[in-house]
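The block underneath contains the structure these notes are about, expressed in structure tokens.
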């Protein structure tokens, strides 16, 4: 009751069922893996007393000793050792980039920010 049973019940040889099956697998689908925008997630050290929540839109600004994270006009944190790719991307974007707060650390002193 294996492959012989399946072949006898279907009426067609098993190979005919996969006619153009490989082509269908290679065709683009709704769940394709094409990314339109590169997002980088970094960890920022937050200043004491700042109040942020998940989903906030932040500004990431390049500085002399790393990147500064601000919420409008007030600085709320720093990214002290950004990757060279991130620092270059922020500099090429005019010195500013948009970031979205993904998660705040357990003690409220760090945050994960997705930079676009």
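The values are calculated or read from the model by the stated rules, or taken from the named source; none is laboratory data. Given the structure is predicted, the values throughout are model-derived calculations rather than measurements. Heads up, the Cβs are rebuilt from the backbone with ideal geometry, glycines too, and the neighbour counts pull from every protein chain shown.
Considering 36, 62, which residue is in contact with a helix residue (DSSP H, G or I) (Cβ under 8 Å, 6 or more places away or on another chain) and either modelled with pLDDT of 90 or more or not in a helix (DSSP H, G or I) (or both)? That would be 62, the only listed residue that is in contact with a helix residue (DSSP H, G or I) (Cβ under 8 Å, 6 or more places away or on another chain) and either modelled with pLDDT of 90 or more or not in a helix (DSSP H, G or I) (or both).
Residues 78, 74: which one is on the phi < 0 side of the Ramachandran plot, exposed (fewer than 10 other Cβ atoms within 10 Å of the Cβ) and at pLDDT 75 or above?
Result of the check over 78, 74: 74.
Among residues of segment 81-98 that are in contact (Cβ under 8 Å) with a residue 12 or more places away in the chain, those with a beta-carbon under 6 Å from a residue that is surrounded by 12 or more Cβ atoms within 10 Å (Cβ to Cβ) and part of a helix (DSSP H, G or I) at least six positions away or on a different chain give the pairs 97/90. Looking only at residues of segment 82-116 that are assigned to a loop (DSSP other than H, G, I, E, B) and surrounded by 13 or more Cβ atoms within 10 Å (Cβ to Cβ), we find that the one that is modelled with the lowest pLDDT is 116. When residue 67 is tested against (1) at positive phi; (2) surrounded by 13 or more Cβ atoms within 10 Å (Cβ to Cβ); (3) in contact with a strand residue (DSSP E or B) (Cβ under 6 Å, 6 or more places away or on another chain), exactly one condition is not met: (1).
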